[in-house]
Structure formats: C-alpha cells, structure tokens
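Only one structure is covered here, and it is reproduced in the block below.
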Amino acid sequence: MAAVNGEVSFWYAASGLPEAGAGLPGDRDVDVCVVGGGYTGLWTAYYLKKADPSLRIALLERRFCGYGASGRNGGWLYNGFAGRAAFAERYGRPGAAAMQRVMDEAVGEVADVARAERIDADIVHGGVLRVAWSEPQLGRLRTHVAAERAYGEGRVEELTAEQAADRIGVAGVLGGVWSPYGARIQPAKLVRGLARVVRELGVEIHENTAVTAVRPGSGRSRPRAVTPYGTVTADRVLRATEGFTAGLRGERRTWLPMNSAMIATEPLPAEFWARTGWHGREVLGDFAHAHTYAQRTADDRIALGGRGVPYRFGSRTDADGGTQPETVRQLRAMLDRFFPAAAHARIDHAWAGVLGVPRDWCATVELDRGSGLGWAGGYVGSGVATANLAGRTLRDLVLGRDTELTGLPWVGHTVRRWEPEPLRWLGVHALYAAYHAADRQEAAGRSTTSPIARAADRISGRI
C-alpha cells in the first residue's frame with residue numbers, strides 16, 4: 001500500500017479533515033480581529049475572551065482552523081524558543097532568562113488549559129531527549145548543556161551513551177541530554193479542541209475566508225482586514241499567520257516560509273518497543289545541522305521529521321501538505337539510521353508544512369498602538385508552546401496591561417526584511433546545501449563541527 005502524501009497531515013488521518021465553518025458573510029465591525037486560525041490566533045482569542053467576555057472578537061481563517069503548522073507539526077510541546085542567545089546579547093542576560101522562565105512555564109500552561117477545557121490531545125509529559133550520534137554532535141551537545149545550565153542548575157540532565165540508549169535505543173548513540181520541560185502532543189487534536197473552546201466562548205470564527213490585506217488605521221480611521229467577502233474593521237487587528245505571512249499584501253519579505261516534512265510509520269509491534277524502549281514517550285531530536293525530530297504516537301507509530309526542500313521560490317507554500325518523493329526517501333533513510341529494527345516498517349503517511357523564519361531567527365510579538373496592528377510569530381519551528389505565550393502577551397498588550405509578559409525582550413523586537421528574489425531563494429538553498437554537506441562530513445568521521453556549518457551559521461544569522 002502506497003503512503004498517503006499530503007492531505008494536510010497524518011494527524012487528521014483518523015478523524016478526517018474537518019469541514020470548514022461558514023465564511024465571512026459581509027462587512028463586520030468588532031473590537032478585535034484576529035487573522036489566522038492556528039495556535040497563535042486561537043490562544044490570543046481564548047485569553048482575550050477569558051479576560052474580558054464583553055469583547056467582540058472575530059477570527060478569520062483561510063481554510064479551516066489548524067490547516068497550517070498547528071495541524072502539521074511534530075508534536076513537540078517544549079520550552080525552546082527562537083532567539084534566546086540573540087536576546088541575551090542585545091538586551092542582556094536577565095531579559096533572556098525571564099523569557100526562558102516563562103517558556104518553561106508555558107509547557108505546563110498548555111497542558112493545564114487542555115485539561116481544564118476537556119481537550120484530549122494525547123499529552124504525555126515525557127520530556128525532551130536529544131541525542132548525539134557523531135563526535136561533532138557530541139561536542140555540540142556539551143555546548144548545549146553548558147548553555148542550558150547557565151539559565152539554572154537542574155534544568156537538563158546530561159546522559160552517557162548507555163543512559164541515553166536506555167531511554168530510547170537510537171543506533172550508535174554517543175550521548176544525550178534530557179530536559180523535563182517537554183511533552184508529546186497530537187497537534188491537530190490540540191488545535192481543533194482549542195477552536196471548539198474559543199467558539200463556545202463566543203468568538204466569531206469565519207473559515208474559508210482568505211485575508212488578502214491588513215490595513216493600518218490612521219487618524220480617525222481604524223485598522224481593517226480585507227477579504228473577498230467583506231472587510232472587518234476593528235480597534236485592533238492582530239496578524240497570526242506564521243509561515244503564510246508572505247501571502248499577505250506587503251508582507252512578502254517579512255518572514256520566510258521554511259518547509260519541514262514528516263513521515264509516519266505503520267503501528268509498530270510490541271517486540272519493536274521492547275527492543276527500542278521509548279516507554280516514557282519523550283520527544284526525540286538530535287544535534288545534526290539538518291535537525292531530525294520525532295515522537296512515539298499514541299497508536300505506537302514513529303512520526304519523524306526534518307528538512308526537505310527548504311524553500312520555494314517567491315515564498316510560495318505547498319498544496320495541502322504534499323511533499324517530494326526525494327524528501328520522503330531522505331526521511332526514510334534517517335528513520336532507518338536511528339532505528340534499524342524499523343527498516344522494514346511501512347510508511348503510511350508523508351506530509352509537509354511551512355514555518356515562519358525571521359531574518360535574524362528571533363520570534364517577535366508587537367502591538368503598534370498608532371496603527372492598531374499587532375502580530376506574533378517567527379517561531380522557526382518551536383511554536384507549540386511559544387504560541388501560547390504569544391497569545392497571553394498579545395492579550396496584555398491589547399488590554400493595555402503593563403505586565404511581566406509585556407516587558408519580555410521579544411516584545412517590540414525589530415527584524416530587518418529578507419532579501420528580494422532571486423537572492424532569497426539562492427541564499428536559502430545554498431545554506432541548506434552547506435548544512436547537509438556538513439552533516440555528511442561529520443557522519444564520515446570528522447571529530448569536530450564542520451567549518452562549512454560554522455560559516456553557514458554566521459551567514460544565516462543563526463549565531
């Protein structure tokens with residue numbers, strides 16, 4: 001049986017794709033308009049409505065809530081966020097430390113809300129296990145451990161090869177690091193459950209409603225979101241479009257839509273799990289430059305992802321999650337590299353999605369009171385918990401609250417725009433060719449990190 005390719009993601013395979021709700025019926029006037037029905041938009045609407053039930057909130061979504069990265073990601077609910085080192089350098093270590101602390105807490109916040117709102121998202125608090133399977137990766141692991149411990153002792157546990165393999169039997173593992181600030185989730189269940197709760201709170205959700213432009217307010221005019229079916233005018237218009245931001249008029253170079261792809265195996269037998277372990281349901285990653293990430297699903301599959309074709313010319317996005325055969329072959333090879341005992345396992349599903357990448361790889365939250373426009377995103381693939389923090393932060397900004405969250409360094413952080421085409425396409429493809437070449441060099445026996453990768457990090461702005 002051939003693997004399903006696309007159909008948004010494997011996470012919808014059991015339930016089927018949701019039917020999109022009614023579109024915008026015409027012009028609307030509300031207090032807050034949220035553009036985008038993923039985690040960021042839904043969390044923002046949730047926390048705003050909880051804080052002030054009288055608010056009139058409309059949420060506009062191009063397809064259905066959870067169509068984008070929120071319904072396609074690897075299911076890592078963890079405390080990583082894009083930009084910690086840059087924030088520490090630019091704004092000082094205390095600000096970065098405050099950001100890290102609230103991100104640590106965000107993992108529990110998501111789980112607590114899911115429990116309170118009866119959202120069954122297959123959440124298991126197994127933590128995050130990252131392994132090294134080459135000497136250069138082992139060096140980066142130790143650098144990572146030192147960096148984490150600088151933000152507090154006891155935050156991570158460094159593991160020997162034997163200790164790491166006892167948790168998850170990855171072939172050839174040389175060492176590992178485990179963090180308690182992580183949980184496995186079923187992404188689509190979380191986003192669909194959150195959409196249900198937000199509707200129940202009284203938020204208008206208009207699906208099948210593509211926003212073509214977000215216009216600022218000025219003078220006596222208020223900001224507005226423009227669609228083919230009508231215009232929504234509000235006191236505040238909040239953009240929560242992440243990897244699809246480039247599709248809005250004037251935003252082509254704001255965040256780059258980077259592709260990530262995944263595969264899911266058939267359910268694996270008890271003998272495989274007895275041999276491999278993974279009984280704690282940790283989310284699993286490595287220290288390769290082209291990072292691999294994985295989880296053991298609730299029905300005992302391995303869902304594994306990594307970079308395929310990194311970027312499409314002109315910031316184009318995929319059609320319903322379809323991915324290239326060569327990407328599927330690459331992910332299959334990585335699955336076999338990690339777990340030789342799964343070498344004959346059938347691949348049931350392959351899919352892809354886009355994540356938002358700012359030019360300096362730093363996530364941001366902002367509300368411009370002059371124009372009435374706000375936004376959050378640029379998570380660079382670490383958005384499941386970060387989107388929750390963004391929603392709470394946007395709540396405080398919209399309500400005019402001066403809180404710990406509004407003082408975090410990502411609030412108001414400015415990022416320069418990406419280069420125009422064809423420089424953008426050439427640059428991204430050259431960088432990822434360099435990262436893949438570096439991984440090949442290191443797998444072939446280098447003892448230290450490839451200089452190709454170091455150069456790519458400097459050019460890309462990742463360091």
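The values are calculated or read from the model by the stated rules, or taken from the named source; none is laboratory data. Keep in mind that this is a model prediction, so the values were computed, not measured. Cβ coordinates were reconstructed from backbone atoms using ideal geometry, including for glycine residues, and neighbour counts include every protein chain displayed. Just the protein is used for accessible areas: all its heavy atoms, side chains included, with ligands, DNA and RNA removed. Shrake-Rupley method; radii C 1.70, N 1.55, O 1.52, S 1.80 Å.
Annotation note: Cβ proximity below 6 Å between a residue of the stretch 402-428 that is farther than 15 Å from residue 91 by Cβ and a residue that is among the hydrophobic types (A, V, I, L, M, F, W, C) and open to solvent by 60 Å² or more (accessible area, probe 1.4 Å) (sequence gap 6+ or interchain) occurs for 425/313. Mind telling me which of the residues 89, 61 ends up being under 20 Å from residue 197 (Cβ atoms) and charged (D, E, K, R)? Going through 89, 61 in turn, the sole match is 61. Here's a check for you: in the stretch 433-463, which residue that is modelled with pLDDT under 80 and of a type in the set (Ser, Thr, Tyr) is surrounded by the fewest Cβ atoms within 10 Å (Cβ to Cβ)? Once the filter is applied, the top-ranked residue is 447. Restricted to the stretch 49-101, and to residues there that are part of a strand (DSSP E or B) and under 16 Å from the mean Cα position of the chain (by Cα), the residue that is surrounded by the most Cβ atoms within 10 Å (Cβ to Cβ) is 77.
Cβ-Cβ distances below 7 Å connect the following pairs, each with a first residue in the stretch 433-453 that is under 11 Å from residue 288 (Cβ atoms), a second residue that is hydroxyl-bearing (Ser, Thr, Tyr), and a separation of six or more residues or different chains: 438/450; 442/134; 442/450; 443/134; 453/435. Name the residue that is nearest to the chain's Cα centre (by Cα), counting only residues in the stretch 211-221 that are surrounded by fewer than 18 Cβ atoms within 10 Å (Cβ to Cβ) and assigned to a loop (DSSP other than H, G, I, E, B). That would be 212. For the stretch 184-198, the criterion of being among the aliphatic types (A, V, I, L, M) and touching a strand residue (DSSP E or B) at 6+ places or on another chain (Cβ under 6 Å) is met by at least one residue.
The rows are residues; the columns are (1) part of a helix (DSSP H, G or I); (2) farther than 20 Å from residue 35 by Cβ; (3) touching a strand residue (DSSP E or B) at 6+ places or on another chain (Cβ under 8 Å); (4) modelled with pLDDT of 95 or more.
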residue	(1), (2), (3), (4)
380	no, yes, yes, yes
388	yes, no, no, yes
394	yes, no, yes, yes
397	yes, no, yes, yes
403	no, yes, no, yes
406	yes, yes, no, yes
415	no, no, yes, no
427	yes, yes, no, no
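Please count how many residues of the stretch 268-325 are acidic (Asp, Glu) and either over 19 Å from residue 165 (Cα atoms) or touching a Gly at 6+ places or on another chain (Cβ under 6 Å) (or both). Final tally of qualifying residues: 4.
Any residue at all in the stretch 323-339 that's closer than 19 Å to residue 68 by Cα, out of contact with any Phe, Trp or Tyr (no Cβ under 8 Å at 6 or more places or on another chain) and part of a loop (DSSP other than H, G, I, E, B)? Looking through the stretch 323-339, at least one residue is closer than 19 Å to residue 68 by Cα, out of contact with any Phe, Trp or Tyr (no Cβ under 8 Å at 6 or more places or on another chain) and part of a loop (DSSP other than H, G, I, E, B).
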